[in-house]
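The values are calculated or read from the model by the stated rules, or taken from the named source; none is laboratory data. Everything quoted here is computed from the prediction, not taken from an experiment. Here the Cβ positions follow ideal geometry from the backbone for every residue, glycine too, while neighbour counts run over all protein chains shown. These accessible areas exclude ligands, DNA and RNA; they are computed on the full protein's heavy atoms, side chains included. Shrake-Rupley method; radii C 1.70, N 1.55, O 1.52, S 1.80 Å.
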Amino acid sequence: SALRVAIMGLGSYGTRVAEAMQSSKMAKLTGVISGTPSKIKEWQGKYKIAEKNCYNYENFDQIKNNPDIDAVYIITPNALHHPQTLRVAKAGKHVICEKPMAINAQQGKEMVDACKKANVHLLVGYRMHFEPKTLEIIRMRKEGELGKVLFFQGLSGFTIGDPSQWRLNKQLSGGGAMMDIGIYSINGARYMLGEEPIWVTAQETKTDRAKFKEGVDETIQFQLGFPSGAMASCLSTYTMNNLDRFFLNGYKGFAELQPATGYGPILGRTHKGELTQPHITHQTLQMDEMAAIILQGKKPVVPVDGAEGVKDLSIIDAIYQAVKTGKKIDLKV
Ligand code: NAD
């Protein structure tokens with residue numbers, strides 16, 4: 001039987017996930033958690049969601065007593081992920097949480113501990129970890145087809161609109177472009193190189209101090225150093241549009257993806273030619289795979305668990321520290 005999922009936060013990405021889940025063989029949307037009664041009504045009509053499976057932000061702890069919901073997919077503003085995950089874990093349900101899993105590594109660790117204690121899974125919405133072209137490059141690197149790889153470049157950005165949105169409010173976002181889109185380059189550097197970084201350096205640029213207030217980063221360039229001697233050179237920005245490119249250089253070959261992390265189709269090539277793996281709607285594939293992880297104990301090629309989310313947040317913490325101090329920051333791995 002399928003994993004029965006309630007979505008918390010019926011915003012733009014929640015809507016995309018709900019649509020994609022309609023084509024999932026392994027996951028089924030059975031509940032909603034929202035502060036907006038009119039949205040709940042709309043979703044009930046569209047997805048045949050029973051009245052008893054509808055909750056708001058005050059009463060969702062009662063999900064504990066609902067046998068028709070196995071997992072809650074948290075798709076709310078970043079700063080809410082931590083308190084909401086703790087409540088869902090306490091209610092004894094599995095948690096799927098959007099990226100960034102929290103707004104710092106300390107919160108991420110608390111979420112991992114809470115889910116462990118409650119004996120529920122904690123998975124982070126890293127949809128690229130299931131994407132076929134991405135996985136093909138990882139396979140090539142693992143099997144030595146690229147030779148020794150010493151360089152990754154990751155460019156992640158888009159131009160952000162409405163200055164009043166939560167993404168530009170530190171209270172809700174925890175930061176700026178880095179939390180939202182730069183995290184793709186951090187995560188990509190780690191899965192493409194297959195190592196954990198040991199140091200970071202970073203430089204910030206701000207062109208608009210009214211729009212990007214204190215604590216909300218606009219553009220940050222950063223560099224990561226890895227134990228093998230490999231380096232990653234990355235850019236995270238809210239002021240350059242359609243910036244979405246990964247490049248991996250090895251002694252025997254290369255791989256590049258552009259777009260690398262958008263909703264797809266992902267496009268790319270290597271020294272051997274064009275990548276031709278099929279495009280599958282990322283969120284459909286992700287829900288199938290996450291259901292298999294939760295229900296069947298399947299092990300993904302690239303982890304999507306809470307510990308994986310904490311690794312990215314530790315790097316983000318260090319990047320912000322590097323920007324602030326102007327110093328190279330050592331990472332504890
Ligand atoms: P959104 O603004 O479209 O939706 C957020 C939802 O949270 C809204 O429905 C809003 O009503 C609700 N909400 C609940 N409490 C709120 C509060 N106190 N303040 C503001 N809104 C509140 O945002 P989104 O684009 O859907 O992003 C939601 C999360 O999903 C973010 O963490 C984001 O990083 C993540 N996301 C992931 C991907 C991906 O590809 N994995 C893509 C987009 C967004």
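Bin all alpha-carbon pair distances of the stretch 101-257 at 10 Å intervals from 0 and give each bin's fraction as a whole percent.
Computed distribution, short to long bins: 10, 34, 34, 19, 3.
In degrees, nearest 10, range 0 to 90: what is the angle between the Cα axis of helix 132-142 and the longest Cα principal axis of the chain?
With rounding to tens, the tilt is 50 degrees.
In percent, how large is the relative contact order of the chain, given Cα pairs closer than 8 Å and 6 or more residues apart? All intermediate terms of the calculation are to be shown ahead of the outcome.
Details: 714 pairs, mean separation 66.9, N = 333.
Here the relative contact order equals 20 percent.
What value, in deg cm²/dmol to 500, does the helix sum -39500 (n - 2.57) over DSSP H runs of n ≥ 4 give at 222 nm once divided by the residues of the chain?
Helices in the chain give a 222 nm mean residue ellipticity of -9500 deg cm²/dmol.
Starting from the Cα gyration tensor of the stretch 237-319, multiply each eigenvalue by 5, take the square root, and state the resulting semi-axes largest first in whole Å.
On the way: eigenvalues 121, 81, 47 Å².
Its equivalent ellipsoid spans semi-axes of 25, 20, 15 Å.
For the stretch 3-126, which whole-number percentage of the solvent-accessible area (1.4 Å probe, protein heavy atoms only) is attributable to carbon and sulfur atoms?
Working: 2770 of 5300 Å².
Roughly 52 percent, rounded to a whole number.
May I ask for the distance between the Cα centers of the stretch 117-134 and the stretch 1-26, given as a whole number of Å?
After rounding, the separation between the Cα centres reads 14 Å.
Rank THR237, LEU275, GLN153 by how far each Cα sits towards the positive end of the charge dipole of the chain (+1 on Lys, Arg Cβ; -1 on Asp, Glu Cβ) and give me just the farthest.
The one lying farthest along the dipole's positive direction is LEU275.
Which net charge results when you count Lys and Arg as +1 and Asp and Glu as -1 among the other residues whose beta-carbon is under 13 Å from that of ASP70? Spell out each step's value before the answer.
Values: positive: ARG4, LYS28, LYS64, LYS93; negative: ASP68.
Net of charged neighbours comes to +3.
Please check: in the Gaussian network model of the chain (C-alpha springs, under 10 Å), which one of ILE220, ILE181, ILE160 has the largest mean-square fluctuation.
ILE160
Of all the accessible heavy-atom surface of the stretch 191-333, with the other protein chains kept in place and a 1.4 Å probe, what percent is carbon and sulfur? Mind showing how you got there, number by number?
Values: 3620 of 6890 Å².
The value for the stretch 191-333 is 53 percent carbon and sulfur by accessible area.
Scan around GLU98 for amide H atoms under 5 Å from its own, H built in the peptide plane at 1.01 Å from N, and keep only partners 5 or more places away or cross-chain.
ILE74, THR76, GLY125
Most fluctuating residue of THR15, THR284, THR201 in a GNM of the chain with Cα springs under 10 Å: which is it?
For the chain, modelled as a Gaussian network with Cα springs under 10 Å, the answer is THR15.
With a 1.4 Å probe and all protein chains left in place, how much accessible area per residue does the chain have, in Å²? Don't skip to the end; give the middle numbers.
Numbers: 14550 Å² over 333 residues.
I get 44 Å² per residue for the chain.
When averaged across all projection directions, what area in nm² does the alpha-carbon convex hull of the stretch 3-126 cover? Could you put the intermediate results ahead of the total?
Numbers: hull surface 27.6 nm².
Over all viewing directions, the stretch 3-126 projects a mean Cα-hull area of 6.9 nm².
If one takes the longest principal axis of the Cα atoms in the chain, at what angle in degrees, from 0 to 90 and to the nearest 10, does the Cα axis of helix 105-117 lie?
50
Which net charge results for the neighbourhood of THR134, defined as the other residues with beta-carbon distances under 14 angstrom from its beta-carbon, given Lys and Arg at +1 and Asp and Glu at -1? Display every interim value, and only then the final one.
Working: positive: ARG127, LYS133, ARG139, ARG141, LYS142, ARG190, ARG245, ARG269; negative: GLU131, GLU136, ASP244, GLU256, GLU289.
The answer is +3.
Please work out the Cα center distance from the stretch 202-244 to the stretch 285-309, rounded to the nearest Å.
Here the two parts' Cα centres lie 29 Å apart.
Using only Cα atoms, find the angle between the long axis of helix 306-325 and the longest principal axis of the chain, and express it within 0 to 90 degrees, rounded to the nearest 10.
Compared with the principal axis, the helix lies near 50 degrees.
May I have the extent of the alpha carbons of the chain along their three principal axes, as whole Å values ordered from largest to smallest?
Rounded to whole Å, the extents work out to 57, 44, 36 Å.
Over the stretch 70-141, with a single point scatterer placed on each C-alpha, what log10 of the ratio I(q)/I(0) does the Debye formula yield at q = 0.24, 0.26, 0.28 1/Å?
-0.94, -1.05, -1.18
Using +1 on the beta carbon of Lys and Arg, -1 on that of Asp and Glu, and nothing else charged, what's the dipole of the stretch 188-259 about the Cα centre, debye to 20?
On the way: 7 positive and 9 negative charges, 18 e Å.
Computed about the Cα centre, the dipole is about 80 debye.
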